[in-house]
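The values are calculated or read from the model by the stated rules, or taken from the named source; none is laboratory data. Every value quoted in this text rests on a predicted model; they were computed, and no experiment measured them. For neighbour counting, all protein chains shown are included, and Cβ atoms are generated from backbone atoms with ideal geometry for every residue, glycine included. Surface areas here come from the heavy atoms of the whole protein model, side chains and all, with no ligands, DNA or RNA. Shrake-Rupley method; radii C 1.70, N 1.55, O 1.52, S 1.80 Å.
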Amino acid sequence: VAVALDTSGSMEGGPISAALGELDKILSAVNAQIWFITGDAQVEEQKNIMDIQTAKRMVKGYGGTDFRPSFKAAEAQKPDLFIYLTDGEGPAPAHAPRFPVIWCITPGGSCPVEWGKRVKIEGENSEDSY
């Protein structure tokens, strides 16, 4: 499993906290190492992790957004599943990769593409969750 965290400027504050909360749930559910990628318009850091504390130390960036470098980094790992934690604000690959993708969208965000499975992180407002 590979997981990418969008660390662009639009994720600062509440969205990054919501995404890290989901990552903590993913780590607990998988109960194994995941390949973790952080990035804004570029990949900031990537490595195997097993705990949320390591993930939090990898949060860097807060610049522009481009999902394509993280997809390229994930592709090199040939994951069985790729989960992208994001608000969806930025350019994504035009076509789905060869591995399954779950877009995990923060409250108030929207998916940047039509492909992949889309999951909304539940927010405080009922209109932000489903």
Query - Search result, residues across the stretch 14-44 that are over 10 Å from the mean Cα position of the chain (by Cα), of a type in the set (Gly, Ala, Ser), modelled with pLDDT of 95 or more and not in a helix (DSSP H, G or I) - result: Ala41
Query raised in the report: Within the stretch 23-35, can one find any residue that is surrounded by 14 or more Cβ atoms within 10 Å (Cβ to Cβ), within 14 Å of Glu89 (Cβ to Cβ) and not charged (D, E, K, R)?
Result: no
Query raised in the report: Can Lys47 be described as at pLDDT 95 or above, open to solvent by 50 Å² or more (accessible area, probe 1.4 Å) and over 22 Å from Arg118 (Cβ atoms)?
Result: yes
Query raised in the report: Residues of the stretch 72-112 being without any contact (Cβ under 8 Å) to a residue 60 or more places away in the chain, under 14 Å from Gln46 (Cβ atoms) and either small (Gly, Ala, Ser) or surrounded by 18 or more Cβ atoms within 10 Å (Cβ to Cβ) (or both), which ones?
Result: Ala76
Report task. Would you mind telling me which numbered condition in (1) aromatic (Phe, Trp, Tyr); (2) free of Cβ contacts under 8 Å to residues at least 24 places away in the same chain; (3) surrounded by 19 or more Cβ atoms within 10 Å (Cβ to Cβ) Trp115 fails? Result -> (3)
Requested in this report: Collect the residues in the stretch 100-121 that are in contact with a helix residue (DSSP H, G or I) (Cβ under 8 Å, 6 or more places away or on another chain), among the small types (Gly, Ala, Ser) and either on the phi < 0 side of the Ramachandran plot or not in a loop (DSSP other than H, G, I, E, B) (or both), keeping them in residue-number order.
Outcome: Gly109
Query - Residue count for the stretch 31-60, restricted to those that are in contact (Cβ under 8 Å) with a residue 24 or more places away in the chain, over 21 Å from Gly9 (Cα atoms) and touching a strand residue (DSSP E or B) at 6+ places or on another chain (Cβ under 9 Å) - result: 2
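Per-residue answers, yes or no, for (1) open to solvent by less than 10 Å² (accessible area, probe 1.4 Å); (2) in contact with an Asp or Glu (Cβ under 8 Å, 6 or more places away or on another chain):
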| residue | (1), (2) |
| --- | --- |
| Ala4 | yes, no |
| Ile16 | no, no |
| Thr38 | yes, yes |
| Thr54 | no, no |
Query raised in the report: Could we say that Asp80 is out of contact with any Pro (no Cβ under 9 Å at 6 or more places or on another chain) and either farther than 17 Å from Ser8 by Cβ or of a type in the set (Ser, Thr, Tyr) (or both) here?
Result: no
Query - In the stretch 57-71, residue most open to solvent (accessible area, probe 1.4 Å) [restricted to those that are closer than 21 Å to Ile26 by Cα and modelled with pLDDT of 95 or more] - result: Arg57
